[in-house]
Amino acid sequence: MKKIAIIGRPNVGKSSLFNRLVKKRDAITSDIAGTTRDVKRRPVTIINKQALLLDTGGLDQGCELFDRIKEKSLEAAHKADIILYMVDGKSIPEENDKKLFYELQTLGKDVALVVNKIDNDKMKDNLWDFYEFGTDAIFGISVAHNRSVVPLLEWIHDKIPDSDILKESDEEDDDVNIVDEDEQEFEFMEHGDEDDGFFYTDLNEEEFEDDSIFAQNDKIKEFDENDINHIKISIIGRTNVGKSSLLNALLGQERSVVSSVAGTTIDPIDESIEYKGKQLTFVDTAGLRRRGKIVGIEKFALMRTKEMLENSNMALVVLDASEPFLDLDEKIAGLVDSNRLACIIVLNKWDIANREDYDKIIQEVRDRFKFLAYAPIVTLSAKSHKRVDKLHDMILEINENYSQRIKTSDLNDVLQKAMRKHNLPSMHGQIIKIYYATQYETRPPKIAIVMNKPRGLHFTYRRYLTNKLREAFNFSGTPVLFKAKKRGEK
């Protein structure tokens, strides 16, 4: 499959063109230079041929972060087969653009000069200034107004071999229109505490019957049980805990930009590897901050993080072991609980932590993150890759637990033993009876408890049953969800 890289300075419209070609608003766009920082990859259909489209960060210089972004972008250009070099048609040609364009031409690739922001017929005159680049493959377009994009698509189409033509059954609608950015509405999470964070998860709702681990209702996202060989893993945590470094260590390559600048990752970056017959897709999400420190495009980044979690099976909650844990760490981990994900708690930067206090640190994690009591804890150093290799096998093991189905007879054996040891408490003098239990779904394991009075199953007894199930079966790393129901109730 041919690779198409979109290259250019900041704010010329690279991500907007990327979104136009993939037919959805995938990459975050804004007027802020440096919004795109990592290379984003997505399959795309160009008329009737398939290719891989790469959105890159702006070719700018200055601080350490922008130098790393430029390095990643040029690396993507070198690996691509087709290069779209974008410039801003509202400004005059810049010498740096010409220099970079000539350098890219020497790579022996198919290179096109894409002059964006030619928004109307009057602005077409601006296009003449760019012919000094000395190329016939020049296209004046307006991504925002979807003007003159078709000739560019036809040029790209001619550069992709016929062997990449999609079969009729696989072809998608060729209309490249997407929702206009001005019409796209975003709703930012505004729940809970104004001072402490951008969202709020109440960790002390155990007195309510509808608590998160023992849900009376069934609000859990459905997963395809035939897809258990594909594990989607989100890497979450606050800024500067080492999420991007961990992604790079797990992949064995420098996929994500790493710098000392807090909040380096904006767009979630996903990458897949094959490991022991399973496909592991890791998603490096934006670092989360307290609400008062969230500005501009970070609101969109947080929304994307939430979307990634909704479509994940597992989360790696990354904590900085070299610093004191914060309340924000607990609130971020609360996203795992609310999305019913399998989980591993990763204590990163263990190489610079006070390892003599190992027992104390582990105990603090367990005390702070009681709602993730089922999650194993791993200490490692993403920077030096020490003990990172343990995560791959642990992910596979937890996925098995997350996807397992327990026989009804085995479940009821454990249930009967538990009830013989501790009888069910009555409710207002009424006898509460459990008839049987059965697992009705996986990922995560969801168990229906059929009884005469579902609301009579007190949360303390549900916790007791959960503990007995965990003693009998390997549910390490995964939540276990209960639904109390009457006979014949769906």
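When residues of the stretch 417-437 are filtered for being surrounded by 13 or more Cβ atoms within 10 Å (Cβ to Cβ) and either under 41 Å from the mean Cα position of the chain (by Cα) or of a type in the set (Ser, Thr, Tyr) (or both), how many remain?
4
Taking the conditions exactly as written (out of contact with any His (no Cβ under 6 Å at 6 or more places or on another chain) and free of Cβ contacts under 8 Å to residues at least 24 places away in the same chain), does residue 106 satisfy them or not?
yes
Hey, does the stretch 116-127 have a residue that's assigned to a loop (DSSP other than H, G, I, E, B) and surrounded by fewer than 12 Cβ atoms within 10 Å (Cβ to Cβ)?
Yes, the conditions are met somewhere in the stretch 116-127.
Does the stretch 406-414 contain at least one residue that is touching a helix residue (DSSP H, G or I) at 6+ places or on another chain (Cβ under 6 Å) and modelled with pLDDT of 95 or more?
Yes, the conditions are met somewhere in the stretch 406-414.
Do the conditions hold for residue 457, that is, is it surrounded by 18 or more Cβ atoms within 10 Å (Cβ to Cβ), modelled with pLDDT under 90 and touching a Phe, Trp or Tyr at 6+ places or on another chain (Cβ under 9 Å)?
Spelling it out, residue 457 is indeed surrounded by 18 or more Cβ atoms within 10 Å (Cβ to Cβ), modelled with pLDDT under 90 and touching a Phe, Trp or Tyr at 6+ places or on another chain (Cβ under 9 Å).
Got a number for residues in the stretch 450-467 being in a helix (DSSP H, G or I) and within 15 Å of residue 412 (Cα to Cα)?
5
So, residue 406, is that one crowded, with 18+ Cβ neighbours inside 10 Å, out of contact with any Asp or Glu (no Cβ under 8 Å at 6 or more places or on another chain), in contact (Cβ under 8 Å) with a residue 12 or more places away in the chain and under 25 Å from residue 278 (Cα atoms) or not?
Taking the combined requirement at face value, the residue satisfies it.
If residue 447 meets every condition in (1) in contact with a helix residue (DSSP H, G or I) (Cβ under 8 Å, 6 or more places away or on another chain); (2) surrounded by fewer than 17 Cβ atoms within 10 Å (Cβ to Cβ); (3) part of a strand (DSSP E or B); (4) not polar (S, T, N, Q) apart from one, which number is that one?
If we test residue 447 against (1) in contact with a helix residue (DSSP H, G or I) (Cβ under 8 Å, 6 or more places away or on another chain); (2) surrounded by fewer than 17 Cβ atoms within 10 Å (Cβ to Cβ); (3) part of a strand (DSSP E or B); (4) not polar (S, T, N, Q), just (2) comes out false.
Please list, ordered by first then second residue, the pairs with beta carbon atoms under 9 Å, 6 or more apart or interchain, first in the stretch 131-151 and at positive phi and of a type outside the set (A, V, I, L, M, F, W, C), second part of a loop (DSSP other than H, G, I, E, B) and surrounded by 13 or more Cβ atoms within 10 Å (Cβ to Cβ).
These pairs meet every condition: 146/176; 146/178; 148/118; 148/141.
Go through (1) within 28 Å of the chain's Cα centre (by Cα); (2) outside any helix (DSSP H, G or I) for residue 78 and report which single condition fails.
Of (1) within 28 Å of the chain's Cα centre (by Cα); (2) outside any helix (DSSP H, G or I), only one is false for residue 78: (2).
Select from the stretch 426-444 the residues that are of a type in the set (A, V, I, L, M) and in contact with a Pro (Cβ under 8 Å, 6 or more places away or on another chain) and list them in ascending order.
Passing the criteria: only 432.
The values are calculated or read from the model by the stated rules, or taken from the named source; none is laboratory data. All figures in this text were calculated on a predicted structure; none of them were measured in a lab. Virtual Cβ from ideal backbone geometry, glycine too; neighbours counted across all protein chains shown.
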